[in-house]
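Here is the structure we will look at.
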Amino acid sequence: MDLPEERSASGRLDAGTASLQAVMAVQLLISVFYLGLEWLFFATKASFMDSFSAVEMVGSLAIPPVALSVAVIPLILLLGVVDVRVPGLQVRCVVPAFILASSLFLLADNFLYTVLGVGVITSGKIVRFLYLALFVFLFFRCLRWVRSAVSRWDGLRKGHPLRFVPAMVLIGALVAMGAEVVTTDFSRAEPGVSAVGDGIRRPNIILLSTDGVEARLMSVYGFPLPTTPFLESFATRAVVFDNAFPTSGKTTGTLSSMLSGSLPSELHVGFPPQIFPKKHAALHLPSILQQLGYRGFQSSIRYYADAGDLNMISSFDIANERRLFAPTPGSLMGRLAYLFSAEIQFSTRMVNRLLERLLHVCGIKPIINHFLLVKESVGLSRVVDIQRLEDALAFTGAQEGPYFMQIHLMGTHCCSWSGARTWFDPNSMPAPNPKARKKLAGYLGSIRDADELIQNFVEQLEASGELEDSILIIASDHSQRWDSVYRVPLIVHLPGERREKRIERNVSLAQVPATILEYMGVERPSWMTQQSLFSPKSSRDLLEEALTVGGNPPILSLASFSYSRISISGGRLSRIDHPGPPIFGVREVGLVLGPYWKKLDLVSGIMSSGTVSQHSAIENDAMAPPSDSAARQYIVRQLEESGFTIAPSVSR
C-alpha cells in the first residue's frame, strides 16, 4: 500500500501534525490488510470458519476491520493530545503502526514456522529474543511508513480515487451488517424458559466427566478389580444407568450434546475445528441457566470442549481460567452477540492469536499450545486434575446464588497413562504380553486415581453442605477406543435422594440437559431434541418402531471421523479434513439397538454390526437384531433431516 506523493498548496509535503481524518483513513486500510490476510489464511484451509454460512463468511471479512478501527479511536484521540502540544511528533501514528507491524510479524512467523519449523510457539529464549527484535524492527519501520502515509493522505487532492476507498470499506461493512440482520433468525437468539407447575427449583448443578472411561472396567459396573470403590458406595444414594452411551467417539461431540440436549449430527459439531453454527449458538443448557440467574464455571480443554472456543453464546462466566463475555440471553447485548457471533468468534481468535505471540516474545506470559494439552507430556496428569477440582471448589465458595459447573478430568485420557499411580500389579492383568499388561494396569490405575479425586471433591461438597442442594452427574465422554457404541458410566445424584436405583434401558448422554430441566420444573424447549433420562422414549414412527429392541429405541451417534494427522512441535495431532458439508467430516455413524450396534460408513457405504460389550440384556436370545436395510434407512433419514447430503451409493 503506497500512497502517491501529492503536494499541498505550498508545494511541499506537510511536515506538521497529520489530520485525524488521515490517521483514521490509514488505520482503516491497515486493519483491512491485517484482518484480510488472517481471513484468507483461515478461509482457505479446514478451520472453524467452515461452520460459517456464506453471509457470515462475508461478514467476518467486511465487519471486523471497521470494528477494530472504531475500537482504537479513543486511543488515537488520547495520543492526539500529545500531537497538539508537540506538532510534528505524530504520536497517534503509533496505533496504526503497531497493527501493521503485528500483521507483518504474523506473516513472518507463519513463513518461518512453515519453512524452517522455527516459530514463536516453539521458541526458546534465544529464538524468542530474535523474534522480539524482529517485531521492534518492524514496528519502527512501520511507524516511519505510517507517518509518511498520513502526510501523503493529507496531500491528496479532493476527488482522488484513494479518498473513496475508506468509504467503500464502510459501505461494505454496512451492507454485510444488513445482510446479517436480514438472514438471522432472531427466534433462536434466546433459549426460552417456561415453568412447569407452580415454580422453578434452582439447585446447584455439577457435570463431572472423565475422559475415555468404559463402564465395563469400573467396579461400580461389576468389574472384578476395585477400580471405583468410592463410586460403588456413592451409587447407594444415586441413580446408576447400566447402559448409557456417548453421542460421539470424540470428546467435542459428546460434551457438546451434554450441554445442548441435541445430537452432534444436528449441531454439526463433533471434533475440531468445528464450532456451533449461529442457529445453535444460543440454544443450550448454560444459556437457559444464565437466564435463570445462574453463575457458570467450566474447566475442560481449550478448543476441544471450551464453550467460548465452540461459539456457545451466554454460556459460562468463567471457562478454563478466563472470563467469558456472557450477556443475558434476550437482552440487547445478548441479541447483538448472537447476530454477530461469527464476526466476534473470528475477531476474538485473531486478537488472541496475536496477543499470545507478543506476550510470549516479550517474556510476559509463555504461549500455550492448547491442542497439545491432550498429550501426556504436556497437559495430562493427576496434578492438573487436582487443580481443576480445587478451582471448582473455590468457585463454589465464592457464589451466593445457584451455580452451574462443568468439569472434565483428563488423567484417564489415552494412551500410556504413565502418570497414574500403581494401584494394580501389571503381571496380573488379563493381557497377551508384558507391554499390554503394563498398559492395562496404567489405564485401570488412572480410573482408580479419578475415583479418588471424585471422592475428595464430593466429600468437600458434603462438608460445606453444598451436595444436598446440588444435582451431581458423573459420566465419561467416549470409550477407550474413541468409539460411541461402548457403554460409558452415567451416575445421577439428585438433591434429597438417598436411595439406590439402577436403570437398565439404553440412554444417551444427550438426555442430560432435559433431565436437569425436568427436575427444576422447566419445560423442555422444542429445540432440545432429546428428552429426560427418566422419561422412556417412545417410537415416533414405524421405522423407529422396527428398530426398537427390548423397549429401547435406537440411539444415533457419530462413531468416527475422517481426519489427518498433523505434526507440530511436541507431538502429532488429529484434525478433520473437511469439517463442512456434505457430511461434515463424519466417517462412520453408529446406531445402538438394544444390546446390538450397527455402523454405516458414509464413504464406502459398508454396514458393520456387532453386540454391545457386556450389555445387561446381552444374554436374552429373544432379542433379534434389526435388519441392516432398516438401520441404513434410519441413519440416512436422520442425517438428511440434519442437513447432511448422503451419496446415493451409501443411502441404497
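The values are calculated or read from the model by the stated rules, or taken from the named source; none is laboratory data. Since the structure is predicted, the reported quantities are computational estimates derived from the model, not experimental observations. Because the Cβ atoms are built from the backbone with ideal geometry, glycine has one as well, and the counts that use them run over all protein chains shown.
How many of the residues making up segment 203-224 are part of a loop (DSSP other than H, G, I, E, B), crowded, with 17+ Cβ neighbours inside 10 Å and in contact (Cβ under 8 Å) with a residue 12 or more places away in the chain? Let's see the steps before the verdict.
Initially, segment 203-224 is screened for residues part of a loop (DSSP other than H, G, I, E, B), giving 203, 211-214, 218, 222-224.
Then drop every residue that is not crowded, with 17+ Cβ neighbours inside 10 Å, which leaves 203, 211-214, 218, 223.
Adding the requirement that they be in contact (Cβ under 8 Å) with a residue 12 or more places away in the chain leaves 203, 211-214, 218.
Counting residues in segment 203-224 that are part of a loop (DSSP other than H, G, I, E, B), crowded, with 17+ Cβ neighbours inside 10 Å and in contact (Cβ under 8 Å) with a residue 12 or more places away in the chain gives 6.
Restricting to segment 233-280, name every residue that is buried (at least 24 other Cβ atoms within 10 Å of the Cβ), closer than 20 Å to L591 by Cβ and among the charged types (D, E, K, R).
K250
Kindly state which helices (runs of 4 or more DSSP H) lie completely within segment 1-100 and contain at least 2 residues that are at pLDDT 95 or above, among the acidic types (D, E) and more than 18 Å from A167 (Cα to Cα).
On the way: elements: 20-43, 54-71, 73-85.
Here the list is empty.
Scan segment 283-332 residue by residue and report those that are among the aliphatic types (A, V, I, L, M) and assigned to a loop (DSSP other than H, G, I, E, B). Let's see the steps before the verdict.
Pass one, segment 283-332, residues among the aliphatic types (A, V, I, L, M): 283, 285, 288-289, 292, 301, 305, 307, 310, 312-313, 318-319, 324, 326, 332.
Within segment 283-332, L283, L292, I301, A305, A307, L310, M312, I313, L324, A326 qualify.
Look at segment 396-420 and say how many of its residues are of a type in the set (D, E, K, R) and either under 19 Å from W482 (Cβ atoms) or touching a residue at least 24 places away in the same chain (Cβ under 8 Å) (or both).
Quick first cut of segment 396-420, residues of a type in the set (D, E, K, R) only: 400.
Adding the requirement that they be either under 19 Å from W482 (Cβ atoms) or touching a residue at least 24 places away in the same chain (Cβ under 8 Å) (or both) leaves none.
Final tally of qualifying residues: 0.
Looking at (1) part of a loop (DSSP other than H, G, I, E, B); (2) modelled with pLDDT of 95 or more, which one does M168 not meet, given that it meets all the others?
Condition not satisfied by M168: (1).
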